[in-house]
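Readers should treat all values here as calculations from the given coordinates under stated rules, not as data from a laboratory. For clarity, every value in this text was computed on a predicted model and none was experimentally measured. Ideal geometry is used to build each Cβ from the backbone, glycine not excepted, and the neighbour counts take in all protein chains shown.
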Amino acid sequence: MLCTVPLSLGFGLMNGSLPLAPIEVWHALLGNNDDTATTVLWELRLPRVLAAFVCGGLLTLSGVLLQALLRNPLADPYILGISGGAAVGALAAMLLGAGLAATQLSSFTGASLAIVTVFGLGFRHGERNIYRLLLTGVVLSAGCGALISLLLTLAQGDEVKGMLFWLMGDLSHAQGLPFAWFVLLAVGLCATVFSGGLDVLAGGLDKAAALGVAVGLWQAGLYFAAAVLTVTALQLGGSIGFVGLMIPHAIRLIGVSAHRWLIPLSALLGGSFLVLADTLARTLWSPLQFPVGVFTALLGVPVLLWLLSRRS
Amino acid sequence: MNNLVLEAHKLTVAIGGKMICRELEMTIRPGECWGVLGQNGVGKTTLLRTLAGLHKPQAGMVSLNGAALAAHARRNLAQHLGVLLQSESGEFWGNVQEYVLLGRFPHRASLFGYSVQDETLAQQALAQMELEGLSQRPFNTLSGGERQRAAIAQALTQRAQCYLLDEPLQHLDLRHQAQTMQVFSRLKEQGCALMMVLHDTLWAQRCCDHVLMLFADGHALHGPAQELLTRVHLEALYQCPLRELSVEGERWFVAGV
């Protein structure tokens, strides 16, 4: 399973408007000569592939943590309204004609507000009812959806295209790559270290408390970690759906469920998956570039359906 | 084996405006087995959860070896106090063996998994509950009774000195009921303290030395099982006429019509 990582990375590096043979990629990576291939690889393709990989890893890891938090294998960042808040923030900034930095800051603010709202309202009346939390997220997502439609209606022709690309996920303007990698590695490492507690927590709150887990602290920590992961991924590539839901689910269906293995595997496979999807999105109808979010859904839905039907 | 004492001081428990017990005073000592009896919805589960520190009492306190439950770290508490819940809200995605192994979580020395000794204890518990053949099955494919046995095996793996068991016999067939009660009796002989919610007065009679009766009007009665397990008390408790049979020296109570 792990060989998907080098394979997807290689596939991403080879394909593009200037196709490269494996040997050319190798030479260019070593940086021996100073030709077009080297320039294309180092300036364009490598950053893009690395962005796709880290973005996929972040989204998948976020999905795993939220699924442990909500004890539901179908939870993901989108259900909880985090990406909705971020999208409203980003689109509002675009509408006002803000620059890239301001747009990112605004999307971060939107996501943080969504987190605070869901967390505050969902846990206010008692920590035991997980459905209140889920529903708060769903309601907030619906509200954000309406706001997004409103913003799109208010926008002019040119702006709409940029907004749509942001909404559907677009990795061509990825910025802040080192920070994203830092977040992925740091949170991934922490989560792996504490994976035993996650196994217990997924069995239910009372059970976890009875087995010695400080439940409130863990919930807050998980929500915060998942939020940081999601916001980082959103800033990198806009809204890319389906990854956080599908990859952990697929790994569980092939029989890996202990978080000790689930977490690293999810991050690696999620990253590979998004590299693959992004490469296809930018090459299949080249020179047209499709939003990667469309591809994650087009690849994700059949795979998930197949896995589900195989199981039953 | 130990000298763990679980006490309730002036414990008043309520849930959703319903009074479950008022100023309850009781002490569970090592080697004692308590049966909790009462009608459906009278608050047996909530009382048990309160004693386990999972529900906040209205007033009074629960203490373990003289210190309030809240003063113990959750992990420390879980090393001594085992809880069998009536229902689990989560989903467990792994196999039966991994599920049972979670009972070692409070004792785990390393962050990176379980030791050989932990695995041995889990194997022993699986054998005790006759689950060896199912150890590799995904937990969520088990039947209700098998799930219940796995949950008991997990609690046994925890090696606690005091167990709070909410309906340990639910979903179990007759043979496994007898076998499970035998396992609990052995724990009691080893000095473990047990408290279990039961609906079968026969098991209460056979295995429990103390009984706590929770009445619908919020008052509670507790004392030696021999004194309380009488027709008069049980008819008042369940508010229905009972017939008393004597079979081989044992008293059986059946609901009359």
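Diffusion of the range A:185-236 by Stokes-Einstein, at 37 °C in a medium of 0.692 mPa s and with Rh set to the Kirkwood radius over alpha-carbon pairs, works out to 279 µm²/s. If you split all Cα-Cα distances of the range A:109-234 into 5 Å bins from zero, what percentages do you get per bin, shortest first? Pair shares across the bins are 2, 9, 14, 17, 17, 16, 11, 7, 4, 2, 1, 0. Seen against the Cα atoms of chain A and their longest principal axis, helix A:259-283 is set at about 40 degrees. Taking packing as the residue-averaged number of other Cβ atoms within 10 angstrom, the listed peptides A:101-109, B:109-117, B:54-62 run from highest to lowest as A:101-109, B:54-62, B:109-117. Temperature 25 °C, viscosity 0.890 mPa s: under these conditions the Stokes-Einstein estimate for the range B:6-255, based on its Kirkwood radius over C-alpha pairs, is 130 µm² per second. At full extension, B:Lys18 and B:Val247 could sit 78.5 nm farther apart than now, given 0.36 nm per residue minus the alpha carbon distance. Within the P(r) computed for the range A:61-151, what percentage of the Cα pairs occupies the region above 19 Å? Roughly 41 percent, rounded to a whole number. Projecting the Cα atoms of A:Thr279, A:Ala210, A:Ala114 onto the charge dipole of chain A (Cβ charges, centred on the Cα centre) puts A:Ala210 farthest toward the positive pole. Each principal axis of the Cα cloud of the range B:143-257 was taken in turn, and the coordinate range along them, longest first, works out to 40, 30, 27 Å. Take the cross-link list B:Lys18/B:Lys188; B:Lys44/B:Lys188; B:Lys10/B:Lys44 and give me the ones stretching past 23 Å between alpha-carbons. As for pairs spanning more than 23 Å Cα to Cα, those are B:Lys18/B:Lys188. A simple rule links phi to the HN-Hα coupling: the Karplus curve 6.51 cos²θ - 1.76 cosθ + 1.60 with θ = phi - 60°, which for the range B:19-31 gives 7, 9, 7, 10, 6, 6, 10, 7, 9, 10, 9, x, x Hz, with x for Gly and Pro.
The DSSP beta bridges internal to the protein assembly as shown are antiparallel in roughly 60% of cases. For the residues of B:91-100, the average number of beta carbons from a partner chain within 10 Å of their own beta carbon is 5. Proximity of backbone amide H atoms, modeled 1.01 Å from N, is registered between B:Ala14 and B:Ile20, B:Gln58 at under 5 Å, excluding neighbours fewer than 5 places apart on the same chain. Spatial offset of the range B:1-32 relative to the range B:96-139 amounts to 31 Å, using the alpha carbon center of each. Working note: Cα gyration tensor of the protein assembly as shown, eigenvalues times five, square-rooted, sorted largest first, giving semi-axes of 56, 25, 19 Å. Sorting A:277-283, B:102-108, A:230-236 by average packing, meaning the other beta carbons within 10 Å per residue, from highest down gives A:230-236, A:277-283, B:102-108. If you average the C-alpha positions of the range A:12-41 and of the range B:150-171 separately, how far apart do those two centres end up, in angstrom? If you average the Cα positions of each part, the centres end up 62 Å apart. Given the options B:Cys162, B:Leu229, B:Pro106, identify the residue whose Cα lies farthest towards the positive end of the charge dipole of the range B:6-255 (+1 on Cβ of Lys, Arg; -1 on Cβ of Asp, Glu). Result: B:Pro106, furthest along the dipole toward the positive end. Compute the acute angle (0 to 90°) between the alpha-carbon long axis of helix A:177-193 and the principal axis of greatest extent of the alpha-carbon atoms of chain A; round to the nearest 10°. Approximately 40 degrees, to the nearest ten.
Net length available on complete extension from A:Leu121 to A:Ala214 is 31.4 nm, with 0.36 nm assigned per residue and the Cα-Cα distance removed. Only helical runs count toward this figure. For chain B, summing -39,500 (n - 2.57) over DSSP H runs of n ≥ 4 and dividing by all residues gives -9000 deg cm²/dmol at 222 nm.
In sequence order, the range A:12-22 has phi-based couplings of x, 6, 7, 9, x, 5, 10, x, 10, 7, x Hz under the Karplus curve 6.51 cos²θ - 1.76 cosθ + 1.60, θ = phi - 60°, and Gly or Pro positions carry x. For a modelled paramagnetic label at A:Leu185, 7 Å from Cα along Cα-to-Cβ, the residues of the range A:54-89 in reach, with backbone nitrogen under 15 Å, are A:54-55, A:58. For the peptide B:82-90, the mean number of other protein chain Cβ atoms found within 10 angstrom of a residue's Cβ is 5.
With q set to 0.06, 0.07, 0.09, 0.13 Å⁻¹, the log10 of I(q)/I(0) for the range A:4-311, from the Debye formula over equal scatterers at the Cα positions, is -0.20, -0.27, -0.45, -0.92.
Residues whose amide H lies under 5 Å from that of A:Leu171, counting only those 5 or more places away or on a different chain, are A:Val292; hydrogens are built 1.01 Å from N in the peptide plane. In this label model, B:Leu202 and A:Cys3 are separated by 6.2 nm, measuring between points 7 Å along each Cα→Cβ vector. For the range B:56-94 and the range A:52-124, what is the separation of their Cα centres, given in Å? The range B:56-94 and the range A:52-124 have Cα centres separated by 34 Å.
Averaged over the residues of A:249-259, the number of partner chain Cβ atoms lying within 10 Å of the residue Cβ comes to 2. Per-residue extension of 0.36 nm, minus the Cα-Cα distance of B:Ser110 and B:Ala127, leaves a gain of 3.6 nm for this segment. When each of the peptides B:38-45, B:139-146, B:158-165 is scored by the mean number of other C-beta atoms lying within 10 Å of its residues, the order from highest to lowest reads B:158-165, B:38-45, B:139-146. Please name which of A:Leu7, A:Pro77, A:Ala21 has its Cα lying farthest along the dipole of chain A towards the positive end, using unit charges on Cβ (Lys, Arg +1; Asp, Glu -1) and the Cα centre as origin. Of A:Leu7, A:Pro77, A:Ala21, it is A:Pro77.
Between A:Gln156 and B:Ala216, the modelled labels are 7.4 nm apart [label points 7 Å from Cα along Cα→Cβ].
Close amide H pairs (under 5 Å, H built 1.01 Å from N) link B:Gln161 with B:Leu81, B:Gly82, residues at least 5 positions away or on another chain. For the range B:149-201, a Kirkwood radius taken over Cα pairs fed into Stokes-Einstein (37 °C, viscosity 0.692 mPa s) yields D = 289 µm²/s. Rounded to the nearest Hz, the phi-derived 3J(HN,Hα) couplings of the range A:135-144 under the Karplus curve 6.51 cos²θ - 1.76 cosθ + 1.60 (θ = phi - 60°) are 5, 4, x, 5, 4, 5, 4, 4, x, 5, where x marks glycine and proline.
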